[in-house]
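The values are calculated or read from the model by the stated rules, or taken from the named source; none is laboratory data. Remember, predicted model here, so these are calculated numbers, not experimental data. Cβ atoms come from the backbone with ideal geometry, glycine included; neighbour counts cover every protein chain shown. Please note that ligands, DNA and RNA were not included when accessible areas were found on the heavy atoms of the full protein model with its side chains. Shrake-Rupley method; radii C 1.70, N 1.55, O 1.52, S 1.80 Å.
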Amino acid sequence: MTLGTEQITTNADSGPIAVPRRVTIGETGFEVHPLALGASTFGWTLDAEASGDILDRFVALGGTLIDTADSYAAGRSETIIGEWLGSRGARDRVRIATRVGRHPDHTGLAPAALSRAVDASLERLGTDRIDLLCFHGDDPEVPLEESLGAVDALIASGKVLAVGASDLSPERLIEARVLAANGLPRFQALTTRYNLMERRAFEGATELVAHAQGLPVMPDFALADGFLGGAIRRRVDVRRDARGERQGRHLGRRGLRVLRALDEVAAAHGTVPAAIAIAWLLARPTVVAPVTGVSRPEQVDALLGAASLELHRSELVELDRASA
């Protein structure tokens, strides 16, 4: 089962309504809708106007968590989000998660690079704080203690409210927990590529460590670069661009088997396959808020609604079997 809904009272005329139950990310105190809007396509395949329309729809329907990175479109994603925040006066309505470590001007996790990267992200985002700053991968050249020490200073200054990890190994996560026990900031979330088509890298040691640490997981690219939306069924459907190439890699016997299972479950619930793929993730014990992007505003509706879906055990078993 997924997180389901909760009843809230709006006014005396309409009475209580059902809304997706919000979740808390680790010990941050951030209460968010259990679906994060991924902004990896902002400034890449989507221009500022199209991105703004998606952000408008996301927030209008109750979305609260926006996930980006300083390396997405070389910072253009953050810039688009910042311009939207400023034009809508929406900063206090959303939480911003961004990743640093891969921007060409601020590469790696050395303290000086982290400090410069955060300042650059704050400028592009047009804000005075980053709610969740994630290390974008590992930096084996820099002791983790130094990187977390730099974040400690950024938290003390108010520029960063919490820290997370993106695609760190189980060994590094264990090391980070030891350092946190000695006073350094503790990772409050883990973002990692995980979806029905890409399971093996996460399920195993990483999932065990996350579960043991009580570390909330925010699966990235939750729809496998859009493949789980179901529009790609034949080779002729694949676009001739980088995103199409990634989608095309999932075409094959297993991919089509997963799409058929999603079709069946979606039909039973009166929704779309993408929403079922999100609901499957939300049923996983360590998952708190999957991260996914959309290409059109109207796609936001069903994905946000996925948090209210309750999948039957037999449906979860069938999806597990199809994607095994």
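Looking only at residues in segment 247-259 that are under 11 Å from Ile232 (Cα atoms) and assigned to a helix (DSSP H, G or I), the one that is modelled with the highest pLDDT is Leu259. Screening Leu262 against (1) open to solvent by 10 Å² or more (accessible area, probe 1.4 Å); (2) part of a helix (DSSP H, G or I) leaves a single unmet condition, (1).
Of the listed requirements (1) under 19 Å from the mean Cα position of the chain (by Cα); (2) open to solvent by 30 Å² or more (accessible area, probe 1.4 Å), Ala110 misses just one: (1). Selection within segment 122-145: residues that are in contact with a helix residue (DSSP H, G or I) (Cβ under 6 Å, 6 or more places away or on another chain) and outside any loop (DSSP other than H, G, I, E, B). The member of this set that is surrounded by the fewest Cβ atoms within 10 Å (Cβ to Cβ) is Glu145.
The residue pairs whose first member lies in segment 299-324 and is more than 21 Å from Gly252 (Cα to Cα), whose second member is surrounded by fewer than 20 Cβ atoms within 10 Å (Cβ to Cβ) and among the charged types (D, E, K, R), and whose beta carbons are closer than 6 Å, counting only pairs six or more residues apart or on different chains, are Val300/Arg57. Within the span defined as segment 55-65, one or more residues are touching a strand residue (DSSP E or B) at 6+ places or on another chain (Cβ under 7 Å) and of a type in the set (A, V, I, L, M). Inside segment 305-319, can you point out the residues that are open to solvent by 10 Å² or more (accessible area, probe 1.4 Å) and in contact with a Lys or Arg (Cβ under 9 Å, 6 or more places away or on another chain)? Correct list: Ser308 only.
Tally the residues that are assigned to a helix (DSSP H, G or I) and of a type in the set (S, T, N, Q), restricting the search to segment 272-314. Give the steps one after another, and end with the answer.
Here is the first cut: in segment 272-314, the ones assigned to a helix (DSSP H, G or I) are 273-282, 299-308, 313-314.
Then keep just the ones that are of a type in the set (S, T, N, Q); that gives 299, 308, 314.
Final tally of qualifying residues: 3.
Whenever a residue of segment 167-188 is more than 16 Å from His211 (Cα to Cα), its partners that are open to solvent by less than 40 Å² (accessible area, probe 1.4 Å), lying with C-beta atoms within less than 6 angstrom and at least six residues away or across chains, give the pairs Leu179/Leu148; Leu184/Leu148; Pro185/Leu148; Pro185/Val151; Pro185/Val163.
From the list Gly226, Gly164, exactly one residue is of a type in the set (Gly, Ala, Ser), more than 30 Å from Asp263 (Cβ to Cβ), under 15 Å from the mean Cα position of the chain (by Cα) and crowded, with 17+ Cβ neighbours inside 10 Å. Which is it? Spell out the reasoning first.
On the way: Gly226 fails: more than 30 Å from Asp263 (Cβ to Cβ).
Of the residues listed, the single one that is of a type in the set (Gly, Ala, Ser), more than 30 Å from Asp263 (Cβ to Cβ), under 15 Å from the mean Cα position of the chain (by Cα) and crowded, with 17+ Cβ neighbours inside 10 Å is Gly164.
Within the bounds of segment 203-223, is there any residue that is open to solvent by 10 Å² or more (accessible area, probe 1.4 Å) and in a strand (DSSP E or B)? Yes, segment 203-223 contains a residue that is open to solvent by 10 Å² or more (accessible area, probe 1.4 Å) and in a strand (DSSP E or B). In segment 71-105, the qualifying residues are those that are of a type in the set (Ser, Thr, Tyr) and assigned to a helix (DSSP H, G or I), and the one that is least open to solvent (accessible area, probe 1.4 Å) is Ser77. Residue pairs whose Cβ atoms lie under 6 Å apart, sitting 6 or more positions apart in sequence or on different chains, and linking a residue in segment 103-124 that is more than 24 Å from Ile66 (Cβ to Cβ) and at pLDDT 95 or above to a partner that is in a helix (DSSP H, G or I) and of a type in the set (S, T, N, Q), do not occur here.
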